[in-house]
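Chemist: Shown below is the structure under consideration.
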Amino acid sequence: MVIIIRSRRLPRPPRRPVLRRALATSGLCAALVAGAAAGPARAAAGPPAVPTPSALSWEVMDAGTGTVLAAGAPHRRLPPASTLKTLFAVTVLPHLRQDAVHRASWADLAEVAEGSSEVGVAEGHRYTVGDLWRGVFLSSGNDAVHTLARLNGGLSRTLAQMQATARRIGARDTQVRSPDGFDTPGQYSSAHDLALIAREGLRNPDFRRYMGTKYARFPASGDPDAYEIQNTNRLLVGSHGVEPYPGLIGVKNGYTTQAGTTLVSAATHGGRTLLVTVMNPQDGDFNTVYEESRALLDWGFATPAPQPPKQQAGPLHAVAATAPGRPEPEEPSGLPRHLVAAAALAVLTGVPLLVRRRLRTRR
């Protein structure tokens, strides 16, 4: 009697390397999907939104690199009012000794326009050049501007030099007709040009000192007729309901009937300096120019500092942000990329398992 014993084919043990790869891949897929879900949350925590000033022209510039961080109609040509005195100072300051003494004459004051702001330069009184510059920066004195222009060789020569300075630094939206910024036909500037001019002024230690002076004595200290003058930049000194801005170092404010209120501000935090120009706000009262400047400074310091450009192509560097109404393209969400990667890995992992299964069934 023959007993036939049929051996039962035992199933092959699972291939552990393949199984381990499958488990690892599934874990990676889960991580990618989790990252996709978290991606939009990270994107939402980006820089704050750019403010929306009512000013006709405005700009935020990083003074260190010259990069424009945000702007609204920055090249619109508008009357600059006394902010044009910054161009006068950039042009004339290097040519006059600060300790030189001058006796004011009738000719110095003959061309000061009626209705101008004045510091009180009086015929026959003696002033140092430094006194006159404090009259320019603190009291926005057109009488001090015209006196300094005469010391510089006369009004015509000074205007030609101012125009040449504007062209040299790339302020191509600026046309000079008066040294003090008083309303004059054919005279204009722009938010971008005024920022460029202020940035140029920051290179001069005298400019920096005068623009940041809050109080001074006029005329020379010790004169029996000397009196105190205060800087009219409310964001610098804090007055008329405006709180001073922390870290503000200057530069110049202005007002005329045609220009409205104008302001160029410079502030420093953590070694970084920003320049903000605001021209002719359309909403609010006289203090609106200061509050809109404050909001732009706050926004600028809340954004990452730009990297210095590798190549400089003219006076205007790359724009990192644009004005409201022209939003920058948003970064694409990480969700599609993560899901596609997870799906691709899942497919690639499943292909070897499916092939092996079909081979076993054919055997």
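The values are calculated or read from the model by the stated rules, or taken from the named source; none is laboratory data. Because the structure is predicted, anything quoted here is derived from the model rather than measured. All Cβ positions, glycine included, derive from the backbone under ideal geometry; neighbour counts span all protein chains shown. Just the protein is used for accessible areas: all its heavy atoms, side chains included, with ligands, DNA and RNA removed. Shrake-Rupley method; radii C 1.70, N 1.55, O 1.52, S 1.80 Å.
Chemist: Name every residue in the range 124-166 that is farther than 18 Å from residue 106 by Cβ, open to solvent by 30 Å² or more (accessible area, probe 1.4 Å) and outside any helix (DSSP H, G or I), in order of residue number.
Modeler: Passing the criteria: 128, 153.
Chemist: Something else about it: Within the range 234-244, count every residue that is part of a loop (DSSP other than H, G, I, E, B) and either open to solvent by less than 20 Å² (accessible area, probe 1.4 Å) or polar (S, T, N, Q) (or both). Walk me through it before giving the result.
Modeler: Pass one, the range 234-244, residues part of a loop (DSSP other than H, G, I, E, B): 238-244.
Then keep just the ones that are either open to solvent by less than 20 Å² (accessible area, probe 1.4 Å) or polar (S, T, N, Q) (or both); that gives 239, 242.
Looking only at that region, the number is 2.
Let's see how each residue does on (1) open to solvent by less than 10 Å² (accessible area, probe 1.4 Å); (2) assigned to a strand (DSSP E or B); (3) among the small types (Gly, Ala, Ser):
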{"residue": "246", "(1), (2), (3)": "no, no, no"}
{"residue": "255", "(1), (2), (3)": "no, yes, no"}
{"residue": "264", "(1), (2), (3)": "yes, yes, no"}
{"residue": "267", "(1), (2), (3)": "yes, yes, yes"}
{"residue": "274", "(1), (2), (3)": "yes, yes, no"}
{"residue": "284", "(1), (2), (3)": "no, no, yes"}
{"residue": "291", "(1), (2), (3)": "no, no, no"}
{"residue": "295", "(1), (2), (3)": "no, no, yes"}
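Chemist: Can I ask one more? Kindly list the number of the only condition in (1) in contact with a Leu (Cβ under 7 Å, 6 or more places away or on another chain); (2) assigned to a helix (DSSP H, G or I) that fails for residue 170.
Modeler: That leaves (2) as the condition not met.
Chemist: Also, I was wondering about something else. Is it the case that residue 63 is open to solvent by 10 Å² or more (accessible area, probe 1.4 Å), at pLDDT 50 or above and either aliphatic (A, V, I, L, M) or in contact with a His (Cβ under 9 Å, 6 or more places away or on another chain) (or both)?
Modeler: Details: open to solvent by 10 Å² or more (accessible area, probe 1.4 Å): yes; at pLDDT 50 or above: yes; either aliphatic (A, V, I, L, M) or in contact with a His (Cβ under 9 Å, 6 or more places away or on another chain) (or both): yes.
Criteria met by residue 63.
Chemist: Which condition breaks for residue 260 when tested against (1) crowded, with 24+ Cβ neighbours inside 10 Å; (2) over 22 Å from residue 69 (Cα atoms); (3) small (Gly, Ala, Ser)?
Modeler: (1)
Chemist: Kindly list, by first and then second residue, each pair from a residue in the range 97-109 that is among the small types (Gly, Ala, Ser) to a residue that is part of a strand (DSSP E or B) and open to solvent by 40 Å² or more (accessible area, probe 1.4 Å), limited to pairs with Cβ atoms under 8 Å and residues at least 6 apart or on different chains.
Modeler: So the pair list comes out as 104/126.
Chemist: I need the full set of residues from the range 179-233 which are charged (D, E, K, R) and either assigned to a loop (DSSP other than H, G, I, E, B) or crowded, with 19+ Cβ neighbours inside 10 Å (or both), in order please.
Modeler: Taking the range 179-233 and keeping what is charged (D, E, K, R), we get 180, 183, 193, 199-200, 203, 206, 208-209, 214, 217, 223, 225, 228.
Correct list: 180, 183, 193, 199, 200, 203, 214, 223, 225.
Chemist: If you go through the range 297-308 one residue at a time, how many are within 13 Å of residue 268 (Cα to Cα) and surrounded by 18 or more Cβ atoms within 10 Å (Cβ to Cβ)? So that I can check it myself, show each step before the final result.
Modeler: So in the range 297-308, the residues within 13 Å of residue 268 (Cα to Cα) come out as 297-298, 300-302, 305.
Pick out the ones that are also surrounded by 18 or more Cβ atoms within 10 Å (Cβ to Cβ) and you get 297, 300.
Counting residues in the range 297-308 that are within 13 Å of residue 268 (Cα to Cα) and surrounded by 18 or more Cβ atoms within 10 Å (Cβ to Cβ) gives 2.
Chemist: Just checking, how many residues over the range 68-94 are out of contact with any Leu (no Cβ under 9 Å at 6 or more places or on another chain), of a type in the set (Lys, Arg) and part of a loop (DSSP other than H, G, I, E, B)?
Modeler: Within the range 68-94, residues that are out of contact with any Leu (no Cβ under 9 Å at 6 or more places or on another chain), of a type in the set (Lys, Arg) and part of a loop (DSSP other than H, G, I, E, B) number 1.
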